[in-house]
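The values are calculated or read from the model by the stated rules, or taken from the named source; none is laboratory data. Owing to the predicted nature of the structure, the values given are computational and were not obtained by experimental measurement. Backbone-built Cβ (ideal geometry, glycine too); neighbour counts: all protein chains shown.
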Amino acid sequence: MEATKLLMRQHREIDRLFERFEAAGDDASETREQVRQKLSDALAVHAAVEEKIFYPATKDARTEDLLHEALEEHLAVKRIVADLLQLGVDDAQLDSRMKVLKDRVQQHVRDEEKELLPVVRKMFERDELEQLGEEMENLANELLQQGDLRQQVTGPTDEPAHI
């Protein structure tokens with residue numbers, strides 16, 4: 001799968017997880033906790049794939065500013081996820097923090113899909129995007145096999161990742 005399509009697929013998956021969390025309602029503590037964990041893991045995988053493979057591979061003069069902005073957005077999201085993981089599932093602040101997280105993620109997705117991904121599609125041939133997508137999928141699968149990815153998010157919140 002092409003790298004840009006893979007990222008967009010991950011974006012849609014994350015959107016669905018936010019919807020599931022909201023639909024669970026306040027009385028569904030177990031469901032809310034499961035979705036919170038899946039969402040945190042999905043965000044951790046997505047950030048890792050972008051930071052370790054996609055962003056370094058697509059960095060050039062046309063994308064550098066967009067990538068630095070994306071890394072700052074990742075940092076903000078990681079900080080919110082780290083805070084969310086400290087809250088109990090019945091904590092009164094959970095819903096408001098989850099809404100802030102959703103807003104941040106949706107802004108990041110809009111920026112990427114409207115600004116960065118179109119530039120990247122022009123920079124690379126289709127087969128190059130396919131190869132990059134394969135590398136990204138392999139990393140995502142490796143990370144998912146490790147499990148408990150959400151715990152990795154709580155560490156790197158001091159500064160944005162470097163590319």
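Annotations
- Some residue of segment 89-103 being within 10 Å of the chain's Cα centre (by Cα) and of a type in the set (A, V, I, L, M): no
- Boolean, VAL35 is farther than 28 Å from PHE124 by Cβ, in a helix (DSSP H, G or I) and aliphatic (A, V, I, L, M): yes
- Complete set of residues in segment 91-109 that are over 20 Å from VAL45 (Cβ atoms) and assigned to a helix (DSSP H, G or I): LEU94, ASP95, SER96, ARG97, LYS99, VAL100, ASP103
- Residue within segment 10-18 that is closer than 17 Å to ALA82 by Cα and aromatic (Phe, Trp, Tyr) present: yes
- Just one of the listed residues (VAL109, VAL35) is within 13 Å of the chain's Cα centre (by Cα), of a type outside the set (Phe, Trp, Tyr) and under 20 Å from GLU13 (Cβ atoms), and it is VAL109.
- Residue check: GLY88 meets all listed conditions (1) modelled with pLDDT under 95; (2) touching a Lys or Arg at 6+ places or on another chain (Cβ under 9 Å) but one, namely (2).
- When each of LEU71, LEU85 is tested for being in contact (Cβ under 8 Å) with a residue 40 or more places away in the chain, surrounded by fewer than 17 Cβ atoms within 10 Å (Cβ to Cβ) and in a helix (DSSP H, G or I), the lone residue that passes is LEU85.
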